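S.K.: Sharing a structure, written as C-alpha cells. Questions coming.
All of the numbers you see were taken from the coordinates with simple rules; none came from a lab. All values derive from a computational prediction rather than experimental measurement. Cβ placement follows ideal geometry from the backbone for every residue including glycine, while neighbour counts extend to all protein chains displayed.
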Amino acid sequence: MTAGKFIVFEGIDGSGKTTQMKLLAQALEKRAMPVLCTREPGGTDIGTRLRELLLDPTCRDITHRTEAFLYAADRAQHVTEKIMPALRRGDTVLCDRFIYSTLAYQGGGRGLDREFLARLNDLATGGLEPDAVILLDLSVEESISRVLGDRFPDRLEAEKSDFFGQVRRGYLEQAAQWPRLFKVIQAGAVVEEVHRSVLVSLQQVLA
Ligand code: TMP
C-alpha cells in the first residue's frame with residue numbers, strides 16, 4: 001500500500017513532457033503538496049550510467065532485447081530506490097516515462113513481443129502501476145522538427161520517422177486499451193494551454 005499519488009508523463013521525443021511535468025510540479029507545490037520529479041531512464045545514480053549507455057549514438061550493436069533489458073534494469077533500480085519510498089512517504093511522484101515507453105518504443109518501434117515486454121515490465125516494477133498516465137500526443141513531423149531544432153540527436157532520436165510513427169501508434173493503442181488510466185492531451189498547443197489541459201485531466205486523481 002502507498003500513500004502518495006503516482007503520475008506518469010509519456011509521449012514521443014519532443015512532446016514537451018519535461019516542461020509539462022515541471023509546470024505541474026510547480027502547481028502542486030503551490031498547494032503545499034510534497035512532490036518528487038523523476039525520470040526514466042536515469043532517475044538514480046545507477047540509472048544515470050545506464051542512460052548514458054542507452055543513448056550513446058556510438059552503441060550501435062545493442063540488440064533490441066538487450067535494449068529492453070537495460071531499460072528494465074534502470075526501472076527496477078528506480079522503483080526500489082526512489083519511487084516506492086516517495087509514495088510510502090506520501091509524496092506525489094511525477095515520472096517522465098515509465099513502463100508505457102517500453103511498450104511503445106521496444107514494442108511498437110522495435111517490434112518486440114508485447115507479452116515478453118509486459119512480463120519484463122512486471123518483473124522490473126513488482127506490479128506497481130500509476131494512478132494516471134498523461135500522454136502528450138504530437139505528430140511525428142512536429143516531433144522531428146522540435147527535436148532536431150536545437151541539438152545533435154541521441155541514439156533513439158536519430159531513428160527514422162517510420163520508427164516514431166510506430167511508437168506513436170504504440171502509445172495510442174495503449175490509450176485505447178486503458179482509457180481510464182490514460183489522459184490523452186494534444187501537445188501541439190501552446191505550453192500554457194497544454195498545462196491547463198493537464199490540470200483538468202488530473203482533477204479527480206489529485207482531489
Ligand atoms: P527522454 O528523451 O524522454 O529522456 O528518453 C530517453 C529515450 O529513451 C527516448 O528516446 C525514449 C527512450 N525509452 C525507450 O525506448 N524505452 C523506455 O522504456 C524508456 C523509459 C525510454
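S.K.: Have a look at Arg89, Arg49, Arg31 and tell me which one the Gaussian network model of the chain (Cα, springs below 10 Å) gives the largest fluctuation.
M.R.: Arg31
S.K.: In addition: Compute, for the chain, the length of the dipole vector about the Cα centre, with Cβ point charges of +1 (Lys, Arg) and -1 (Asp, Glu) only. Units Debye, rounded to 20.
M.R.: My answer is approximately 480 debye.
S.K.: Just want to confirm a number: the relative contact order over region 6-201, from Cα pairs under 8 angstrom separated by 6+ residues, in percent.
M.R.: Relative contact order, region 6-201: 33 percent.
S.K.: Compute the Cα gyration tensor for region 1-154, then decide on rounded, prolate or oblate, letting a ≥ b ≥ c be the square roots of its eigenvalues: rounded whenever a/c is under 1.5, prolate when a/b is larger than b/c in the other cases, and oblate in all that remain.
M.R.: Judged from the Cα gyration tensor, region 1-154 comes out oblate (a/c at least 1.5, b/c at or above a/b).
S.K.: If you don't mind, another one. Would you calculate, for the chain, the mean residue ellipticity at 222 nm contributed by helices, counting each DSSP H stretch of 4 or more residues as -39,500 (n - 2.57) and dividing by all residues, to the nearest 500?
M.R.: Details: 8 runs with 97 residues, N = 207.
Calculated mean residue ellipticity at 222 nm is -14500 deg cm²/dmol.
S.K.: How would you order 126-133, 40-47 from highest to lowest mean count of nearby Cβ atoms within 10 Å? Could the numbers behind the result be given before it?
M.R.: Numbers: 126-133: 16.6, 40-47: 20.1.
Highest mean packing first, the order is 40-47, 126-133.
S.K.: Name the residue from Leu206, Ala187, Ala158 whose Cα lies farthest towards the positive end of the charge dipole of region 157-207, charges +1 on Cβ of Lys and Arg and -1 on Cβ of Asp and Glu.
M.R.: Leu206
S.K.: Determine which lysines satisfy two conditions relative to Lys5: a Cα distance under 22 Å, and not lying fewer than 8 residues away in the same chain.
M.R.: Lys17, Lys22, Lys30, Lys82, Lys183
S.K.: Using a 10 Å cut-off around each Cβ, can you sort Lys17, Lys160 from fewest to most neighbouring Cβ atoms? Kindly include the intermediate steps, with their values, before the conclusion.
M.R.: Numbers: Lys17 23, Lys160 9.
In increasing order of surrounding Cβ atoms, one gets Lys160, Lys17.
S.K.: Another question, then. Fewest first, what order do His64, His195 take by the number of other Cβ atoms within 10 Å?
M.R.: Going from least to most buried by this count: His64, His195.
S.K.: Right, next: How would Cys37, Cys59 line up from fewest to most surrounding beta-carbon atoms within 10 angstrom?
M.R.: Least to most surrounded, the residues fall as Cys59, Cys37.
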